[in-house]
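In what follows, a single structure is set out as structure tokens and then discussed.
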Amino acid sequence: MALIVFAIGGALYISGQHEGPESDTVIVQDMLGVEVEVKKNPKNVACVSRTTYDLLVAFGLGDNVDGVYSTILDNEWTSVLYPESSEHYAYPYEPSYETLLERNVELVFCPEAYIADGLREHGIAALCVSLYGNPEFEPYVYYLSNLTKQLWPDVKGVKEKADAWEENFQSLVDDIKSKLSEQGSEKRTVYYIRGDKNNGVCYTDTGKSFNEYVFKVLDCIYMGAQLGTTRPSVEALLEADPDVIVIGGIYQYTLRESLENDSVWSNLSALKSDSVYQIGVGFTPMEQLGVFSSIYLASMANNLYPDLFDYDTKSMLIDLCKQYFDTDLTEQQAEYMLKGLGPDGNRLA
């Protein structure tokens, strides 16, 4: 076996390819370091992990997708950006091996290790592509884009599109870090309200996520890592008293109303300073790694440092949708997406 070693964000990932010109498999590692032998250029892929579908479509691999996690297909933006999504099977969070075998699925991207382990026990190639890194997310920012280049080496345009996405995001990261290094302001604390479910203001995300990485780039302290739980108590959140609050997901407007209308939160510093911000929604909430990651990072930079940054996120979004989805997004639609609203300006939930 010939081993290939490549670096992503300082971490080493190793993959191997069977020797011989007729080999049609490649050995790759998932995000937990498990080595899995996968058929090269797989044609029937199940994107159960939420962070995989939009990037595969963006890199020109939509025709290689068999199905996707059902909530992504329920999102109105998915059909706007990729009408062909209606042809994809809707998978539950834990798809059965019987269904996958029946549908001749060649590879499954799973959100958690136990799901991937269970499928591999039944002879199904499965890779864990998680929302979380270990010990942090930074080494995994380009994990999936690099993985697609390994798995689909013979599909025209995949490498070029993946490289372009990486370069665009990294140039933005470098620009933000460079400008922030020149100003020595005190770090602000950021509390994230997770709104993919309507679980109230005290529902957040812990550390090791892409979201935490974004605020690390923005020279802020991500409070979820300090609180140590996805469901902090009211008392704990009041004591933490975040400087900034960001709200994402399809329920973000309901949750913002709860935050602003319940007197228990009225003395929070973030509310007093009007530092509460919405997060855009694409195929998935933009705080989850995906094709719109650069838009999310630029938007937060504008919000947190208006004297330093003035990225034209609306134009960036329109250009990105044209580049990766061949979709002509209107300015109004771009504004709605950036605000976490649906294509018609209505709440997503």
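Using the alpha-carbon centroid of each, what span in Å lies between region 148-193 and region 325-345? Answer, in whole Å: 22.
Kirkwood Rh over Cα pairs of the chain into Stokes-Einstein at 4 °C, 1.567 mPa s: D in µm²/s? Before the final figure, lay out the partial values.
Values: Rh = 21.0 Å.
The diffusion coefficient I find is 62 µm²/s.
Tally the DSSP beta bridges in the chain and give the antiparallel ones as a percent, rounded to 5. Walk me through the numbers before you get to the answer.
Working: 16 of 37 bridges.
Expressed as a percentage, antiparallel bridges in the chain total about 45.
The residue among 330, 218, 234 whose Cα reaches farthest toward the positive pole of the charge dipole of region 181-338, with charges on the beta-carbon of Lys, Arg, Asp and Glu, is 234. For region 55-72, backbone phi angles converted through the Karplus equation (6.51, -1.76, 1.60; θ = phi - 60°) give residue-by-residue couplings of 5, 4, 4, 4, 8, x, 10, x, 6, 8, 9, 8, x, 8, 3, 4, 5, 5 Hz, Gly and Pro being listed as x.
Using the crude model of +1 on Lys and Arg Cβ and -1 on Asp and Glu Cβ, and no other charge, please compute the dipole size for region 181-338 relative to its Cα centre, in debye to 20. Spell out each step's value before the answer.
Numbers: 11 positive and 23 negative charges, 99 e Å.
Here region 181-338 has a charge dipole of around 480 debye.
Can you tell me which lysines have their Cα less than 22 Å from the Cα of residue 187? Leave out same-chain residues fewer than eight positions away. Answer for residue 187, where 22 Å is the Cα cut-off: 177, 179, 208, 216, 272, listed by chain and number. Cβ crowding within 10 Å ranks 35, 335 as 35, 335, fewest other Cβ atoms first.
At 222 nm, what value in deg cm²/dmol follows for the chain if DSSP H runs of at least 4 each add -39500 (n - 2.57) and the sum is divided by all its residues, to the nearest 500? Result for the chain, helices only: -10500 deg cm²/dmol. When only Cα pairs below 8 angstrom with a gap of at least 6 residues are kept, the chain shows a relative contact order of 15 percent. By the rule of a C-alpha distance below 23 Å, with chain neighbours fewer than 8 residues away ignored, the lysines paired with residue 161 are 39, 40, 43, 149, 314, 322. Cross-link partners for residue 197 among the lysines, with Cα-Cα distance under 19 Å and sequence neighbours closer than 8 places in the same chain left out: 339.
Read the figures in this text as sums done on the coordinates, not as results from a lab. The structure displayed is predicted, hence computed values, not measured ones. Every residue, glycine among them, receives a Cβ derived from its backbone with ideal geometry; neighbour counts consider all protein chains shown.
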